[in-house]
Each structure stands twice: as C-alpha cells, then as structure tokens.
Amino acid sequence: MRANTTPRHVPARIEQVADIPRTLSGKITELAVRETLHGRPVKNTDALANPHALAHFAALRASLEAH
C-alpha cells in the first residue's frame, strides 16, 4: 500500500473486524462507526440491521484510550 500511494493515504492502523454495521437496506454505515470511535452515541441504532457490530468499535476505542 505504501509503495503505491502517498503517505497521506496510508492508514495508521488496520483492524480486522468480524462484522461491519449496515443499514436495513444493506449499506455500510460509516457514520455509526465514526461516532462510536469518537465516543459519541449513535443516533439511530434502530436503522441498523446489526447494531451489535458496533461493540467491536467501542472496545477498540477503549483499548486505544488505555494506551
């Protein structure tokens, strides 16, 4: 990745996750992930097909804060 892109486009960290939060129509919801990683509540978890997928991102936030 680093060889084919500028340093600005290389992520600082890559995490493998079991599931990605999706809307009821199947679209990936990046906003819910971003809000969770920033420690803010997700406004409408009823619109998510798999709200349990946010738990990994909340745990990731907690582990990053601990370091």
### Query
Is it fair to say Ala59 is among the small types (Gly, Ala, Ser) and loosely packed, with under 13 Cβ neighbours inside 10 Å?
yes
### Query
What about Leu54, is it assigned to a helix (DSSP H, G or I), touching a strand residue (DSSP E or B) at 6+ places or on another chain (Cβ under 8 Å) and at pLDDT 95 or above?
yes
### Message
Just the residues that are more than 12 Å from the chain's Cα centre (by Cα) and within 19 Å of Ser63 (Cα to Cα), please, taken from the stretch 29-50.
### Response
Arg40, Pro41
### Task
Scan the stretch 2-28 and report the pairs whose first residue is more than 18 Å from Ala58 (Cβ to Cβ) and whose second residue is of a type in the set (S, T, N, Q), with Cβ atoms within less than 8 Å and a gap of 6+ or a chain change.
Thr23/Thr29
### Task
Answer with yes or no whether Val10 is surrounded by 12 or more Cβ atoms within 10 Å (Cβ to Cβ), over 15 Å from the mean Cα position of the chain (by Cα) and among the aliphatic types (A, V, I, L, M).
yes
### Task
Starting from the stretch 45-66, keep only residues that are small (Gly, Ala, Ser), then list their pairs with residues that are surrounded by 13 or more Cβ atoms within 10 Å (Cβ to Cβ) whose Cβ atoms are within a distance under 7 Å, requiring at least 6 positions of separation or different chains.
Ala47/Thr23; Ala49/Arg22; Ala49/Thr23; Ala53/Ile20; Ala53/Pro21; Ala58/Thr36
### Query
So which of Arg8, Arg2, Arg34, Arg13 is at pLDDT below 95 and in a helix (DSSP H, G or I)?
Arg8
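The values are calculated or read from the model by the stated rules, or taken from the named source; none is laboratory data. What you are looking at is a predicted structure, and each value in this text was computed from that prediction instead of being measured. Cβ atoms come from the backbone with ideal geometry, glycine included; neighbour counts cover every protein chain shown.
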